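What follows is one structure encoded as structure tokens, with my remarks underneath.
The values are calculated or read from the model by the stated rules, or taken from the named source; none is laboratory data. None of these values were measured; they are calculated from a predicted model. Heads up, the Cβs are rebuilt from the backbone with ideal geometry, glycines too, and the neighbour counts pull from every protein chain shown.
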Amino acid sequence: MAIIGGGYTGLAAARALARRGADVTVLERHTLGWGASGRNGGFVLPGFKPEIEALARRHGVVEARRLFELSVQAVRGLEALIAEEKIDCGYVRCGTVVLAARPGHLAGLERSHHFLREALGHETTLLRASELRAEIGSVRYQGGLLDPFAGSVQPALLVQGLARAAERAGARLVEGAEVRRVERRADGHLVTTATGAVRARQVLVATNGYTGAAVPALRRRVVPVGSYLIATTPLEPALAARLVPRGRVLSDTKHLLYYFRLSPDGRMVFGGRAAFTPTAIARSAEILTRGMTEVFPELAGVPVEYAWGGQVGLTLDQMPHAGRLDGVHYALGYGGHGVAIATWLGARMGDALAGAGEIPRLTSPFRAVPLYGGAPWFLPLVGGYYRMRDLVGR
């Protein structure tokens, strides 16, 4: 068995396969966790990129409930894996607050609050502007929606722990193995890399926002979109406690949203869609620093010590997908919500490929993006549209 991609999905699948006695090799182009798995914001959230009400309108309430319960199962599964493998990654179920960036956005959060309770049985708390001071030291927002079920994790430590778990189970992890071609053969597949070739009965593609030309059919279905982050120097404890009093992970309701949290060592980690096209890290850091100080004026002048970016994978319906296409299996398309669901989906795919389960049913069909072959020419237009909507408060 060959797995292309050494992030959460690929490593979780490798661990599951190896634990069931399979001979499995993970092929990672760079280093394990090099992509979004090692560079994300550390949010562990239920749900998906589309709002759950949007999924209900698209698929019906019963299907939306099934999908949401699957995402809750993914969070619980991640917690169980961290405990079982004793992964020291700073995981805590701290809760999340989605912050209303405009007065009109609070009404949408109120609708979500009622829908989650009445249709899905999931409890959240609606916070008015006056109640936000207990959650965030900023007057920028109009209210929020608190979900206590969400968590926070140090992403690179999680992926390192998952890699060690896969190796303990017997998986073979190969770094610096860029896959250039996947060919179907009578007895399986020949996977050609920059340094050699691997024969495999089955192939799982787990490359998400870094899906390349070796699997063109999948590449046409996953659009890479940049996401960028900065981290300050450690804050004075009193300042950190004023800014995020309860240690939640927070995000806002803009289309080009901000998301932020405190790291275990007291840094402000602040991220967002600084640009929809490839952007120099120095430039993205400038944009995010400006946004951070708009939200938290007290951080003006606090040094930014780290800045980085990477790609999330978006699909046409903004949902993850798993299945089989052109002879290879796949699990990808997390849309920036992948910490829990990618790990869970990788494990389920591993079980399925070992003959010990079924491929999880998410949404279907998995359509190619029209007029897209791997170069996302339309992203500047999309970015401009969302920027305009944010400016007018829609």
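Structure values in brief
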item	result
All strands (runs of 3 or more DSSP E) inside region 184-260 with 1 or more residues being assigned by TED's automatic domain parsing to the domain that holds residue 295 and in contact (Cβ under 8 Å) with a residue 24 or more places away in the chain	223-232, 249-252
Flag for residue 119 being surrounded by fewer than 13 Cβ atoms within 10 Å (Cβ to Cβ), on the phi < 0 side of the Ramachandran plot and among the hydrophobic types (A, V, I, L, M, F, W, C)	no
Tally, over region 75-116, of residues that are under 22 Å from the mean Cα position of the chain (by Cα), in a helix (DSSP H, G or I) and of a type in the set (Phe, Trp, Tyr)	0
Wholly within region 271-353, strands (runs of 3 or more DSSP E) carrying at least 1 residues that are among the aromatic types (Phe, Trp, Tyr)	304-314, 328-332
Flag for residue 61 being touching a strand residue (DSSP E or B) at 6+ places or on another chain (Cβ under 9 Å) and β-branched (Val, Ile, Thr)	no
Filter result for residue 46 (surrounded by fewer than 22 Cβ atoms within 10 Å (Cβ to Cβ) and assigned to a loop (DSSP other than H, G, I, E, B))	no
The one condition in (1) under 30 Å from residue 105 (Cβ atoms); (2) touching a strand residue (DSSP E or B) at 6+ places or on another chain (Cβ under 8 Å); (3) buried (at least 19 other Cβ atoms within 10 Å of the Cβ) that residue 155 fails to fulfil	(2)
